[in-house]
Structures are given as C-alpha cells and as structure tokens.
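The values are calculated or read from the model by the stated rules, or taken from the named source; none is laboratory data. Everything numeric here is computed off the predicted structure, so don't read it as measured data. Cβ sites come from the backbone with ideal geometry, for glycine too, and all protein chains shown count toward neighbours. Surface areas here come from the heavy atoms of the whole protein model, side chains and all, with no ligands, DNA or RNA. Shrake-Rupley method; radii C 1.70, N 1.55, O 1.52, S 1.80 Å.
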Amino acid sequence: MEHSNKPRGKVSVCMATFNGAPFIREQVNSILSQLSSKDEIVVSDDGSTDYTLAILESYHDSRIKILNHKERKNNPWKVWGG
C-alpha cells in the first residue's frame with residue numbers, strides 16, 4: 001500500500017458515557033495521545049450522576065466536545081468544550 005503525501009482530514013472519535021468515572025480518564029488519555037491538534041473527541045453523555053462530566057471538563061482541551069443529554073427539556077444538544 002502506498003502512502004500519500006496528502007494531508008489527512010479531521011478525525012472525530014465518538015464515545016458514549018454513563019457513569020464511567022472509574023474508566024474515563026484512561027480512555028480519554030489513550031485517545032488524545034493518538035490525535036492531532038485538529039482532531040476531536042465527541043462524548044455523548046446520557047446523564048451521568050457520578051464525576052464523569054467533571055473529569056472530562058477538567059481537561060480544558062478544545063479537542064473534547066461533550067454532548068450532555070441530562071438537560072433534554074431545555075436544550076438536548078448542550079455542547080461543552082471548545
């Protein structure tokens with residue numbers, strides 16, 4: 001297989017979470033280490049009641065986009081992050 005010199009497009013990694021605090025840091029660290037500055041992780045959280053969202057927000061990394069589905073009545077796609 002030949003490798004092209006063309007720049008690759010943006011990579012979006014999607015992950016779903018629900019009360020995943022014990023595991024989320026290891027997962028996010030692994031994914032971030034494989035991404036470039038123009039890539040992103042899109043996290044869809046289904047209303048976690050543990051520290052999952054706080055851990056994700058603590059990264060202050062513009063590559064992490066959080067879709068919080070806890071507040072569906074007012075705004076079903078409340079996006080946190082950069």
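If you filter the stretch 19-33 down to residues that are in a loop (DSSP other than H, G, I, E, B) and small (Gly, Ala, Ser), you find that the one that is most open to solvent (accessible area, probe 1.4 Å) is Ser33.
Can you tell me which residues in the stretch 1-47 are basic (Lys, Arg) and touching an Asp or Glu at 6+ places or on another chain (Cβ under 8 Å)? Lys10 - this is the single residue of the stretch 1-47 that is basic (Lys, Arg) and touching an Asp or Glu at 6+ places or on another chain (Cβ under 8 Å). Based on this model, can you work out whether Ala16 counts as more than 13 Å from the chain's Cα centre (by Cα), open to solvent by less than 90 Å² (accessible area, probe 1.4 Å) and hydrophobic (A, V, I, L, M, F, W, C)? No; evaluated as a whole, the condition is false for this residue. Restricting Ser36, Ser4, Ser58, Ser44 to residues that are modelled with pLDDT of 95 or more and open to solvent by 40 Å² or more (accessible area, probe 1.4 Å) narrows the list to Ser58.
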